[in-house]
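The values are calculated or read from the model by the stated rules, or taken from the named source; none is laboratory data. What you are looking at is a predicted structure, and each value in this text was computed from that prediction instead of being measured. With ideal geometry, Cβ positions are generated from the backbone for all residues, glycine too; neighbour counts draw on all protein chains shown.
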Amino acid sequence: MKRFGTPLLLLLVLIGDWSASLSAAEPPRDLVLAYYYPWYHKGDWTRHGYFGEPTLGNYGSDDPQIAAQHIEWAQAAGLDGFVVSWGGPQDMTDKHFRAGYLQAANADQLKYAFIYESLGRLDAADGETNERIDFSKRRVVRRFQEDLAYLNKQFCGDERYLKIDGRPVIVLYVTRTFRNFDAKILEQIQAAVGQKFYFIADEPFILGEQKDPATAENGLRDGKPLFDAYTAYNMFESDLVKDGEPAVDYMRREALPVFQTWAEQTVFCPTLMPKYHDFRGKRTLTGTPEQYQTMIAMMQALPKQPVGHGIGSIYLITSWNEWWEGTTIEPDTTDGEAFLKANREAFGR
């Protein structure tokens, strides 16, 4: 038997190498995430006049049982996690997220990250409220650094927090409002915080210079992207909407050419916005589960650059429960769980 020992050992080594090669050759996995809003007070919905009604009723987002149901539905829909609205340490979003979502019995079943509400946190910090965030003002930089330090200390060490290549993911809302901003500011802030983040910037838009990363306010600098990746939270512009048109038609006409340009030059995370029905009087974009699947296929056909090790693309759904703008896929009394089923089928989950 001994004379077979060396060949047998060699065979086992070769099989091990072959298995490892197969594993290494596995294609990267896409992530499907949805924006999540923990800003609802139980019973305090009617004053806003939202269109549509959640299956769970006028819930409070500080309720762990509500969050647990959201997580269960999201899993069934094939989601990998939520990108949670965060408006500051004392904001309702922070308090409700802690009291509700993080206390849910099944909160370990999904990843989470934050979308940093830049306008709410930084716009007034430069002394003016004008939808322009001026990073030449020391107060703006200090506020941004303090907020990132808070998020890092309070949440980023959580094993449930979404990381790419070991770096906590943060989506930055409307970076196109950032002025006097550059890579050096990011480097200095991250060094001070002691953490390297993976920033996804909400920079592209359908108007003006924001259509192309080469001309966008915070797109390419000297041919290199300023941020790790880019997305467009919301490509809605009421004046461009044709009365009664489906969201998929609007996105194909207005958003897709912009997405194509950005996806060719940057790491781009496509936006999925199944419908839009803002109670504040803007034009409406209709949407059905079938049309939503068409939109997903449309975004899947965009050029792709790997987001990180083992991750292909990130698809960001606007939204899970942004009832202000009526972009929701959360089950409601009209469509039930139809959008969740459509999402699962389209992504093959």
For this session: For residue 160, state whether it is closer than 17 Å to residue 35 by Cα and surrounded by fewer than 20 Cβ atoms within 10 Å (Cβ to Cβ).
Result: yes
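Listed here are the residues, each with its yes/no results for (1) of a type outside the set (Lys, Arg); (2) farther than 28 Å from residue 101 by Cα; (3) touching a Leu at 6+ places or on another chain (Cβ under 8 Å).
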| site | (1), (2), (3) |
| --- | --- |
| 119 | yes, no, no |
| 152 | yes, no, no |
| 168 | yes, no, yes |
| 200 | yes, no, yes |
| 208 | yes, yes, no |
| 211 | no, yes, no |
Problem set entry | Search result, residues across the stretch 278-296 that are under 17 Å from residue 313 (Cβ atoms) and either in a strand (DSSP E or B) or modelled with pLDDT under 95 (or both) | none
Problem set entry | Given (1) under 28 Å from residue 265 (Cα atoms); (2) at pLDDT 95 or above; (3) under 17 Å from the mean Cα position of the chain (by Cα), index of the condition residue 328 fails | (1)
Exercise. Residues of the stretch 74-127 being modelled with pLDDT under 95 and either buried (at least 20 other Cβ atoms within 10 Å of the Cβ) or among the basic types (Lys, Arg) (or both), which ones?
Worked result: 126
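Would you pick out the residues in the stretch 297-324 that are under 23 Å from residue 52 (Cα atoms) and either small (Gly, Ala, Ser) or at pLDDT 95 or above (or both)?
The answer is 316, 317, 318, 319, 320, 321, 322, 323.
Given 60, 52, which one is surrounded by fewer than 16 Cβ atoms within 10 Å (Cβ to Cβ) and either at pLDDT 75 or above or among the aromatic types (Phe, Trp, Tyr) (or both)? Don't jump to the end; show me each part of the working.
Details: 60 fails: surrounded by fewer than 16 Cβ atoms within 10 Å (Cβ to Cβ).
After applying the criteria, what remains is 52.
Every residue, every condition in (1) touching a Lys or Arg at 6+ places or on another chain (Cβ under 9 Å); (2) without any contact (Cβ under 8 Å) to a residue 40 or more places away in the chain; (3) in a loop (DSSP other than H, G, I, E, B); (4) under 12 Å from residue 88 (Cβ atoms), yes or no:
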position	(1), (2), (3), (4)
123	yes, no, no, no
128	no, yes, yes, no
136	yes, no, yes, no
140	no, yes, no, no
146	no, yes, no, yes
151	no, no, no, yes
For this session: Answer yes or no as to whether residue 342 is more than 18 Å from the chain's Cα centre (by Cα) and crowded, with 23+ Cβ neighbours inside 10 Å.
Result: yes
Problem set entry | Members of the stretch 45-94 that are assigned to a helix (DSSP H, G or I), of a type in the set (A, V, I, L, M, F, W, C) and under 25 Å from residue 344 (Cα atoms) | 66, 67, 68, 71, 73, 74, 76
Problem set entry | Residue check, residue 268 under 17 Å from the mean Cα position of the chain (by Cα) and under 21 Å from residue 115 (Cβ atoms) | yes
